[in-house]
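J.: Can you read through this structure? Questions will come right after.
Every number here is computed from the coordinates shown, using simple stated rules; none is lab data. This one's a predicted model, so the numbers in the text were calculated from it and none came from an experiment. Heads up, the Cβs are rebuilt from the backbone with ideal geometry, glycines too, and the neighbour counts pull from every protein chain shown.
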Amino acid sequence: MKNFALIGAAGYIAPRHMKAIKDTGNDLVAALDKNDSVGIIDSYFPNADFFTEFERFDRHLDKLRRESNSRQVDYVAICSPNYLHDSHMRFALRTGACAICEKPLVLNPWNIDGLQEIEKETGQRVNTILQLRLHPSIIALKQKVASSAPGHKFDVDLTYITSRGHWYLQSWKGDDKKSGGISTNIGVHFYDMLHFVFGALQENKVHFNSPTKAAGYLEYERARVRWFLSVDVNDVPDHVRSSGQRTYRSITADGESIEFSDGFTDLHTISYKEILAGNGFGLEENRVAIETVAHIRTAALSALTGDYHPFVTKLVK
């Protein structure tokens, strides 16, 4: 059994990590969050020590390490705001633990280089949650691409609209310096998936970018991709919104829909099983996706061409 610590226990994604730790037969011994609305811990690890101050959390983990007792931490799971991931991974490695970090790994690609140096210094490893690589539908798509005619490029449309309320722009997620913007905050998994399935990135154009939506064109070895992301409920198609749904997700390849709405329930647990078996996704697997979102965040808007996403038509009129 391995011992875990958790940074960011009050957020939306933390319960998935708690469940994964429990489902894999391991123990959460300590958790940290500046917010104390963390009653969810009782559903998984009621005996876990909890801290609202980083300094006390740091001292506690160091004490467990120095005492070399049965509660010494082996892994630190990181679910903190995006801009803190880099610092918290460095802390985990220097504490003598491996890290398991939520997306996005970091905001800038050069941070990956620094983390690789600390991995070498400490002998510990950074693992990341790239759960779409483990989704059966995505694996099947990758196999389809691999078996298709050599040189064929798929025409892909990716649309992801996940409505958020007025709180979104008032939180750290609405601050580009902290979240990386919408393409980083809700899009980075999709960009990683596209690279995983379709190969090396060859072109990256940005057609629209705002705090609540973004669109552009990506070209990979095996695909031409038009993409659109939004947190604005008004972008949800009328026929979907009329049924009460506030989220819309669509991926088509050569006109054929890729259905992957289901199958997400246990992907964090599967990710943890792979990490514990030594098969986790490391720093380098994240580089292309992080380079992609960093470019989208800083690039000037490209002139519209015939490659733009249909949703952009409504935005530029």
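J.: Report the extension gain between A299 and R249 in nm, rounded to one decimal, defined as 0.36 nm multiplied by the number of residues separating them, less their alpha carbon distance.
T.: Full extension of this stretch gives 15.5 nm more.
J.: Still on this structure: Out of (i) 35, 21, 19; (ii) 40, 20, 19; (iii) 27, 26, 20, which label holds the value of semi-axes √(5λ) of the Cα gyration tensor in Å that was computed here?
T.: Step by step, semi-axes √(5λ) of the Cα gyration tensor in Å for this structure corresponds to label (i).
J.: At what distance in nm do the modelled label points of I270 and Y12 sit from each other, each positioned 7 Å from its Cα along Cα→Cβ?
T.: About 2.2 nm, to one decimal.
J.: Now, a different point. What are the ³J(HN,Hα) couplings of the stretch 210-219, residue after residue, when phi is run through the Karplus curve with 6.51, -1.76, 1.60 and θ = phi - 60°? Round to Hz, x for glycine and proline.
T.: Once rounded to whole Hz, the list reads 9, x, 10, 7, 7, 8, x, 9, 10, 10.
J.: Treat the count of other C-beta atoms within 10 Å as a stand-in for reagent exposure and order S87, S171 from fewest to most.
T.: Sorted ascending by nearby Cβ count, the order is S171, S87.
J.: Another question, if that's okay. Separation of the stretch 182-223 and the stretch 36-57 by C-alpha centroid, Å?
T.: About 36 Å separates the Cα centre of the stretch 182-223 from the one of the stretch 36-57.
J.: With a cut-off of 19 Å, note down the residues of the stretch 64-96 whose backbone N falls inside the zone around a label point 7 Å from the Cα of E121 toward its beta carbon.
T.: 76, 84-96
J.: Give the lysines whose C-alpha is closer than 25 Å to that of K19, dropping any in the same chain fewer than 8 places away, or say none.
T.: Reachable lysines: K2, K34, K103, K173, K273.
J.: Run through the DSSP bridge list for the stretch 3-128 and note the antiparallel percent, rounded to the nearest 5.
T.: Beta bridges within the stretch 3-128, antiparallel portion: roughly 0 percent.
J.: Return the long-range amide H neighbours of N127 (sequence gap of 5 or more, or a different chain), with a cut-off of under 5 Å between placed amide H atoms.
T.: Amide H to amide H, under 5 Å and 5 or more residues apart or across chains, N127 pairs with A99, I100, C101.
J.: Given springs between every Cα pair under 10 Å in a Gaussian network model of the chain, which of H195, H17, H295 has the largest fluctuation?
T.: Maximum among the listed residues: H295.
J.: Ranking I112, I13, I296 by Cβ neighbours within 10 Å, fewest first, what do you get?
T.: In order of increasing Cβ crowding within 10 Å: I13, I112, I296.
J.: Given the chain, what percent of its DSSP beta bridges are antiparallel, to the nearest 5?
T.: Here the share of antiparallel DSSP bridges comes out near 50 percent.
J.: What FRET efficiency do you get for V240 and N69 if R0 is 45 Å and r is their Cβ-Cβ distance, rounded to the nearest 0.05?
T.: That pair, V240 with N69, gives E of 0.25.
J.: Here's a follow-up. Return the single residue from R59, R16, R287 with maximal mean-square fluctuation; model: Gaussian network over the chain, springs between Cα atoms under 10 Å.
T.: Looking only at R59, R16, R287, the largest GNM fluctuation is found for R59.
J.: Using amide H atoms built in the peptide plane, which far-off residues or other-chain residues are under 5 Å from D155 H to H?
T.: The answer is R224, D254.
J.: Taking neighbour counts of Cβ atoms within 10 Å as a proxy for exposure, in what order, fewest first, do H166, H135 appear?
T.: Listed from fewest to most nearby Cβ atoms, that is H166, H135.
J.: Mind giving me the nanometre distance, one decimal, between the label points for E259 and W110, set 7 Å out from Cα along Cα→Cβ?
T.: So the label points at E259 and W110 sit 4.7 nm apart.
J.: For the chain, with only Lys/Arg (+1) and Asp/Glu (-1) charged at the beta-carbon, what is the dipole magnitude about the Cα centre, in debye rounded to 20?
T.: Rounded to the nearest 20 debye, it is 240 debye.
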